[in-house]
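Heads up: the structure comes next, in structure tokens.
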Amino acid sequence: MILSRFRLMWLPVVAAGSLLGLSLLALSVTAATVVQDKSDLNSTLGRSEDPVILTGAELAGFQGQPIADLVLYAFSSDTWSPIPFQIDERTNDITGTFVVFEDGLLDDNDELVFMAKDAGQAAGQAWPDDEEAQGNPRYEILATDTLTSGDNGWAYLYRSTTLATSPDSYVDWNEALQKVTAISYTASFSPSAFLGLADLTINNNGVDILDRQKTRVDTFILDLNEESLIAFVDPTISISVVGPVRGVAGAGQIGISIYGARLDLKVEFDTSIVPLNIDGLRMSFDLNDPAVTGITNFYDSNGSDYPIDGSPDAVSQTPRFNWYQASGVPGGVVAVIPEADAGDGIITNYYKDDDTFSANDTGDKLSFADTGLSIEDPGSIVSMVLSLYTLPPGSTANVGASYYERVTNPLEVTTEIQSFVTNYTYLPAVLKPS
């Protein structure tokens, strides 16, 4: 592929009464920023499940430009390729809600997202062979993993209506079926039956590893669960924006982001929706039988290392989990909980691995590594932030701590606006007197 363009121009040189042809050779450089030759710097980012996220404020030179005219490319082995990305618009009010369309122009709070695995090498002075792209500045986006020294990756944002975009997509959301389909998992909800996640399959093996997400609310008069709670809260999930890289919704009290191998949740539970004083609250994920799923190993941030086999284990109730992992030969999941707030309530860990049938339970009425947080005397607002990663097949080792570090140390972004370097070759011009 041609990486730059040479323009040939005839230059008249005025020299009165002269028959002498004058030859000139000059280089004209027009650049907002001097572009250094860094094309020997290759991408070393290893966090393939993690997104690179930056705001419109970090792309000030493109603010006010049509989002539809922006396209993201990566450079690798002397070749330019479009990569999956999206720019999600947010309202310019206090909520900052994600919307499908606001004004179609890049604003401060809009978000550009692409996956770390798609970053390429530094392009240096190379540009795509596209007149529109060369006629406008570009943004070099440098993503850096602060957890591993020297791990960097590059992508380049161009303004062009003639550059192709990537046809690839990593996520899909079916609103009617309430189902996420991503690269390494499918997840679905059953809002007509109960509140929370209903099914989870990983790595395209077709086996549902999740019995269900469970919620328990204890009051002086009666106890509620994820089924009875739908009388007080609408459990339907609505994802307002779905692109090739992520689906995203919410601002403020509730939020969800779905990626190819990761699902992020932010939940604030207003306890006043239940017209009774709440004594206790629990939110957890209960798995299906390991004999069917192959999910056989449990680890947590307190040092637990137990088989998932339906036999009770003594998992420490404190300190609260920062993360926990359930995995095995088919793969697994790591749940990272960087934030949890119960107001004045007391948070403890909940874990139950017991295949004894319980008529008062929900789902299959069994418990296999049913894991989450319990809150005693919760405050008026209970909140939690959770990132759920899908692990690849053969994940029997304890890797949860590394995923916790990823969530709490997101990829850092540096941007630099650059202009195309044009080389002008001036050829000889011969002037004759009239």
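The values are calculated or read from the model by the stated rules, or taken from the named source; none is laboratory data. All values reported here derive from a predicted model rather than from experimental measurement. Here the Cβ positions follow ideal geometry from the backbone for every residue, glycine too, while neighbour counts run over all protein chains shown.
For the stretch 261-311, the tally of residues that are in contact with a helix residue (DSSP H, G or I) (Cβ under 6 Å, 6 or more places away or on another chain) and at pLDDT 95 or above stands at 3. Residue pairs whose Cβ atoms lie under 7 Å apart, separated by 6 or more positions or on different chains, with the first residue in the stretch 58-77 and at negative phi and the second part of a helix (DSSP H, G or I) and among the hydrophobic types (A, V, I, L, M, F, W, C), are Leu70/Phe62. Is it the case that Gly363 is under 23 Å from Leu197 (Cβ atoms), of a type in the set (Gly, Ala, Ser) and either outside the structural domain of Thr296 (by TED's automatic domain parsing) or more than 29 Å from the chain's Cα centre (by Cα) (or both)? Considered against the rule, which asks whether it is under 23 Å from Leu197 (Cβ atoms), of a type in the set (Gly, Ala, Ser) and either outside the structural domain of Thr296 (by TED's automatic domain parsing) or more than 29 Å from the chain's Cα centre (by Cα) (or both), Gly363 comes out as yes. On the stretch given as the stretch 252-275, residues that are farther than 20 Å from Leu388 by Cβ and touching a Phe, Trp or Tyr at 6+ places or on another chain (Cβ under 7 Å) total 2.
Could you pull out the residue among Lys266, Lys214 that is assigned by TED's automatic domain parsing to the domain that holds Gly379 and within 29 Å of Asp168 (Cβ to Cβ)?
Lys266
Once the stretch 372-394 is narrowed to residues that are among the β-branched types (Val, Ile, Thr) and surrounded by fewer than 21 Cβ atoms within 10 Å (Cβ to Cβ), the residue that is farthest from Ser257 (Cα to Cα) is Ile381. If you filter the stretch 162-185 down to residues that are under 27 Å from Trp80 (Cβ atoms) and free of Cβ contacts under 8 Å to residues at least 60 places away in the same chain, you find that the one that is surrounded by the most Cβ atoms within 10 Å (Cβ to Cβ) is Thr162.
Of the residues in the stretch 186-201, none is touching a residue at least 40 places away in the same chain (Cβ under 8 Å), surrounded by fewer than 19 Cβ atoms within 10 Å (Cβ to Cβ), more than 30 Å from Thr44 (Cα to Cα) and among the charged types (D, E, K, R). Within the stretch 177-198, not a single residue is closer than 20 Å to Ser48 by Cβ and among the charged types (D, E, K, R). Residue count for the stretch 144-180 satisfying the condition of being assigned to a strand (DSSP E or B), among the β-branched types (Val, Ile, Thr) and out of contact with any Phe, Trp or Tyr (no Cβ under 8 Å at 6 or more places or on another chain): 1. Only one entry of Ala369, Ala397, Ala401 meets the criterion of being crowded, with 17+ Cβ neighbours inside 10 Å, modelled with pLDDT of 95 or more and closer than 30 Å to Asp286 by Cβ, and that entry is Ala369.
Of these, Val407, Val385, which one is in a strand (DSSP E or B) and hydrophobic (A, V, I, L, M, F, W, C)?
Values: Val407 fails: in a strand (DSSP E or B).
Checking each option against the conditions leaves just Val385.
Of all the criteria given as (1) of a type in the set (A, V, I, L, M); (2) part of a strand (DSSP E or B); (3) out of contact with any strand residue (DSSP E or B) (no Cβ under 8 Å at 6 or more places or on another chain), the one not satisfied by Ile141 is (3). Filtering the stretch 76-135 to residues that are surrounded by 20 or more Cβ atoms within 10 Å (Cβ to Cβ), over 16 Å from Arg246 (Cα atoms) and under 20 Å from the mean Cα position of the chain (by Cα) leaves Leu106, Ala119, Gly120.
Taking the residues in the stretch 245-260 that are surrounded by fewer than 24 Cβ atoms within 10 Å (Cβ to Cβ) and part of a loop (DSSP other than H, G, I, E, B) as candidates, determine which candidate is modelled with the highest pLDDT. So, considering only residues that are surrounded by fewer than 24 Cβ atoms within 10 Å (Cβ to Cβ) and part of a loop (DSSP other than H, G, I, E, B), the one modelled with the highest pLDDT is Gly260.
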